[in-house]
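Input: a single structure, listed below in structure tokens.
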Amino acid sequence: MLNKVKVAVAIGTLSSLAAGVALSGTSAGASSSTNWSTVKSVSGTMGMSALVAAAKKEGHLNVITLPLQGWANYGVIMKDFTKKYGIKINDENPNGSSQDEITAVMNDKGRASAPDVLDVGTSYAVQNTNLLAPYKVQTWSEIPAGTKANNGAWFDDYGGYVSIGCDTAKIKVCPTSFADLAKPMYKNEVGINGDPTQASAAFSAVFAAALANGGSFNNIEPGIKFFANLNKIGNFVPGGSAATAVAGTTPILIWWDYLQNGIQANLKTWKVIIPTDANYAAYYTQAITADAPHPAAARLWEEYLYSTVGQNLFLQGYARPIELAAMTKAGTVNKNFLKLLPAAPKGVTKYPTLAQLTAAKATVAANWASEVGAAG
Amino acid sequence: MAFTTSLDTAPSLRGVEGRAVAKRPSRWHGLRSLVPVVPFLLYVGVVLGIPTFIIATLAFQTRTGHATWHNIQVITSGGQYLLGFETSLKLALVTAVIPGVLGTILAYAIAQSNHEAFKRVIASASGVLANFGGVNLAFMFVASLGPAGVATAWLSSLHLNPYNHGWTLYKFTGVAVVYMYFQVTLMVLVITPALNGLREQWREAAANLGASRWQYWRYVGVPVLLPPVLGSMFLLFGSGFSAYATAEALTGGTIALTPIQIGSILQGNVISGEENVGYALGFGMIVILLVSVVAYALLQRRSSRWLRS
């Protein structure tokens, strides 16, 4: 409550200053009195240097649920950011989930430890725009339409394709499609990474399976049926993870292509294949929180992530950065990183709308345990 | 306890002395005897009372804080949430009764042993194993009794592959077996003090009076042990009803359990914006446990009456 009053007072005072600091929705000039929590973009070198100076003055950045190893290279990215700007990063709950992030934003409101920036599944950002501060990075136009909010409340960052990982030491002939996974030769060998009602990778595996089996973005049920059948014929192993892949209990694991490399690091014989019968991709989403205790550092973090350096660092972590197409065109993409990725599937990748995603999630939540659990 | 002691000894309640004078010290005395309990009450209030209150409140609210019955309707109108409660209750019952009986027998066998070192080793081991759960336990079973597990391979080489005989680790039976791993040892841990209270002299006295072994158990052993055994089983029920990480790691959500569903809603990466349904599920679990506590108390009273007669 107190904070809200303070902000209102601050805005009032600032807008009465006819100092030329344009607020409420436009670019900020270099002014020491800038209230960074309401800045919606910066322009030019002047704007950037003011942002860098203000962020350095804040000295800290609170991120949340960014894994320290593997996972889109976040460990390296955070180190590089700190090295470059001298801003210390506090990473709360590195292995947490999107819901953990939203809960933290709600519960830590007004505290110095509250998260400044989020990296969440898109639907979590869309349903919580009241918690977010709109901001458009300088490369905003290079983020494809449909993967960002019009007002800048959220914008996708990196993603990848549903892929099939396979241990060539245990599996003689690796499957190349969802149809292959149902072959008797893969008995007790096929896993997905976790529970589709909890892990977005597992949920996406079900969606991809639906596309491969006559389903659509409006109909995920064939995907559930597919896994129910896998369970019935004994191919499906529930509770798969990177650890079970390395241990050999799930020598075939369906997961994001950019996360399979974490298995490869421990298992040289691990191979990653993008299935021929399902082209399903998803991106994670960035956002700045409305009550960010370090508003300038938060904005600088986004500028950094969407710079060529930041985007190429995602790529180094095997994740496909959202500006990949524009960077490929402009020739700024790091080709050495790019060639390590499995080839993207042929044809245009399409994305479900949020309404389709929400409906599909409700279907999986309702039917996964009863249909897959009951089979077999 | 503190209450009854103070009431028993409070002079004013004996009703002879002048009231106005006697009342004062009694109230003071009563309050003072409460003092040692205050930290405990505070602790219970903070870690149990407040969260329960918050969950109960949020269960009847929308995301924006308006009052609603919607969440309760969602979880009681059939579908996966009712199935979750049903499966959770079944699992809790099975993993309370079977390990309750097995644990009691095991603990009795241990208590009868004269080997002190052996007893101590078992007690420490139970303490450790009863608290062994979660992902580690699930993984241990996957590595031993999973489809590619060591024990499975060994049995398979004897042409006894359990997967060819209807066994699977990833369904209800599998989860129940894994739960028993910590439930049996938990039972041993909590029932041993009661078994130690079963005095050797009673048996000798019964034998001297000509009681058969059966009569000894019917009139002495079981009546003495029944209340603590039921109480311990109730503890196991609570433990099995609320266990989460083990089942989730083992089954990947292919079994409908309320704790897993709460986890999906409040901790997941898939279902967004349903927090209050999650609180409603938590509230439902609290109600079920409260009902079981009351049922248990009634049962306890009934059984003690039966034992007296």
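The values are calculated or read from the model by the stated rules, or taken from the named source; none is laboratory data. Note that this is a predicted model, so its numbers are computed, not measured. No Cβ is skipped: glycine too gets one built from the backbone with ideal geometry, and neighbour counts run over all protein chains shown. Surface areas here come from the heavy atoms of the whole protein model, side chains and all, with no ligands, DNA or RNA. Shrake-Rupley method; radii C 1.70, N 1.55, O 1.52, S 1.80 Å.
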To the nearest Å, what is the center-to-center distance of the range B:33-96 and the range B:145-215, using C-alpha atoms only? 32
Area projected by the alpha carbon convex hull of the range B:91-235, averaged over all directions, nm²: 10.8
Computed on Cα atoms only, the convex hull of the range A:205-295 has an orientation-averaged projected area in nm² of 8.9
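Per residue of B:148-157, how many C-beta atoms from partner chains lie within 10 Å of its own C-beta, taken as a mean? Mind showing how you got there, number by number?
Details: counts 10, 1, 0, 0, 1, 0, 0, 0, 0, 0.
The mean count of partner-chain Cβ atoms within 10 Å per residue comes to 1.
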Pop out the carbon and sulfur fraction of the accessible area of the range A:59-172 as a percent, whole number, probe 1.4 Å. 50
For residue A:142, what accessible surface area do you get with a 1.4 Å probe? Give it in Å², rounded to 10. 80
Once all protein chains are kept in place, residue B:34 shows an accessible area at probe 1.4 Å, nearest 10 Å², of 50
Debye equation applied to the C-alpha atoms of the range A:101-243, log10 I(q)/I(0) at 0.11, 0.22 Å⁻¹: -0.59, -1.31
I'd like the mean, over residues of A:356-366, of how many other protein chain beta carbons sit within 10 Å of each residue's own Cβ. 3
Can you flag which of A:268/A:350; A:40/A:339; A:136/A:329; A:183/B:171; A:40/A:84 are past 25 Å Cα-Cα? A:268/A:350; A:40/A:339
Please state the equivalent ellipsoid semi-axes for the range A:34-160: what are the square roots of 5 times the Cα gyration tensor eigenvalues, largest first, in whole Å? 21, 19, 16
What whole-number distance in Å separates the alpha-carbon centres of the range A:69-109 and the range A:249-296? 17
In straight Cα distance, which lysines are under 16 Å from residue A:109, not counting same-chain residues fewer than 8 positions off? A:4, A:6
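Percent of accessible area on the range A:246-346 owned by carbon and sulfur, 1.4 Å probe? Walk me through the numbers on the way to the answer.
Numbers: 1990 of 3520 Å².
Result for the range A:246-346: 57 percent of the exposed heavy-atom area is carbon or sulfur.
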In square angstrom and rounded to 100, what buried accessible area do you get between chains A and B, total over both, with the probe at 1.4 Å? 2800
Explain nothing, just compute: Karplus ³J(HN,Hα) = 6.51 cos²θ - 1.76 cosθ + 1.60, θ = phi - 60°, for every residue of the range A:120-137 in order, whole Hz, x for Gly and Pro. 10, x, 3, 5, 5, 6, 4, 7, 10, 4, 5, 9, 10, 9, x, 7, 10, 5
Name the residue, out of B:228, B:99, B:162, whose mean-square fluctuation peaks in a Gaussian network model built on chain B with Cα pairs under 10 Å. B:162
Ignoring ligands, DNA and RNA, the residues of the range A:71-109 whose accessible area with a 1.4 Å probe is reduced by 40 Å² or more relative to the chain alone are A:97, A:99
Candidates B:53, B:237, B:118; GNM for chain B (alpha-carbon contacts under 10 Å) flags as most fluctuating B:118
Mind giving me the FRET efficiency for residue B:201 and residue B:93? R0 is 45 Å, r the Cβ-Cβ distance, nearest 0.05 is fine. 0.80
Phi-derived 3J(HN,Hα) across the range B:186-201 with the Karplus relation (6.51, -1.76, 1.60, θ = phi - 60°), rounded Hz, x for Gly and Pro, is 5, 4, 4, 4, 7, 8, 4, x, 5, 5, 5, x, 7, 7, 4, 4
Positive dipole terminus of the protein assembly as shown, leading residue within A:239, A:334, A:282 (C-beta point charges): A:239
Between A:340, A:300, A:132, which gets the highest mean-square fluctuation from a Gaussian network model of chain A, Cα cutoff 10 Å? A:340
So what's the protein assembly as shown giving for Rg/Rh, alpha carbon basis, Kirkwood Rh from the mean inverse pair distance? 1.06
Residues residue B:296 and residue B:128, FRET efficiency given R0 of 30 Å [Cβ-Cβ distance, rounded to 0.05]: 0.60
Ratio of alpha-carbon Rg to the 2.2 N^0.38 Å globular estimate for chain B, to two decimals, please. 1.28
For the protein assembly as shown: accessible area per residue (Å², 1.4 Å): 48
So for the range B:218-309, Kirkwood radius off the Cα pairs, Stokes-Einstein at 37 °C and 0.692 mPa s: how many µm² s⁻¹? 211
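Accessible area, 1.4 Å probe, largest first: how do A:43, A:98, A:200 sort?
Numbers: A:43 65, A:98 0, A:200 25 Å².
Largest accessible area first, the residues go A:43, A:200, A:98.
For the range B:157-197, what does the convex hull of the Cα positions come to per residue, in cubic angstrom?
Numbers: hull volume 4.1 nm³, N = 41.
It comes to 101 Å³ per residue, whole-number rounded.
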Taking only C-alpha positions in chain A, Rg and Dmax in angstrom work out to 22.1, 75
More than 20 Å apart - percent of Cα-Cα pairs taken over the range A:283-364: 51
